[in-house]
1. Set the Förster radius R0 to 25 Å, insert the Cβ-Cβ distance between I56 and L18 as r into 1/(1 + (r/R0)^6), and round the FRET efficiency to 0.05.
2. Counting pairs of alpha carbon atoms under 8 Å apart in space and at least six apart in sequence, what relative contact order in percent does the chain give?
3. Once you order the gyration tensor axes a ≥ b ≥ c over the Cα atoms, which shape class does the range 1-40 get: rounded for a/c under 1.5, otherwise prolate or oblate by comparing a/b with b/c?
4. Quick one: 3J(HN,Hα) in Hz for the range 25-42, Karplus 6.51/-1.76/1.60 with θ = phi - 60°, rounded, Gly and Pro as x.
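Values quoted throughout were computed directly from the atomic coordinates according to the rules given, and no laboratory measurement underlies them. As the structure is a prediction and not an experimental result, all values here were calculated from the model. Cβ atoms come from the backbone with ideal geometry, glycine included; neighbour counts cover every protein chain shown.
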Amino acid sequence: IAAWLVSSILFAAAHVELAHAILVLPLGLWFGWLRRRTDSLWPSLVAHVMNNGIAIAAATYFDV
């Protein structure tokens, strides 16, 4: 559990800007939960790729 929490916080901190880090912290927790639940890193990787893909598509197609 400690590794899960620390890695989630580090994941958020890697996004540097405080507002962005706060927004991605729940994602880090969810990715960690997926890793613990499935005993595999792949679901977390797929979820991260999907999240980034949605963000890129939104930035591309919507004037944000």
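1. Once rounded, the FRET efficiency stands at 0.65.
2. Details: 40 pairs, mean separation 14.6, N = 64.
After rounding, I find 23 percent.
3. Values: a/c = 3.07, a/b = 2.12, b/c = 1.45.
Note, shape of the range 1-40 comes out prolate.
4. Once θ is set to phi - 60°, the couplings for the range 25-42 become 4, x, 5, x, 5, 5, 4, x, 4, 4, 4, 5, 5, 9, 6, 8, 7, 4 Hz.
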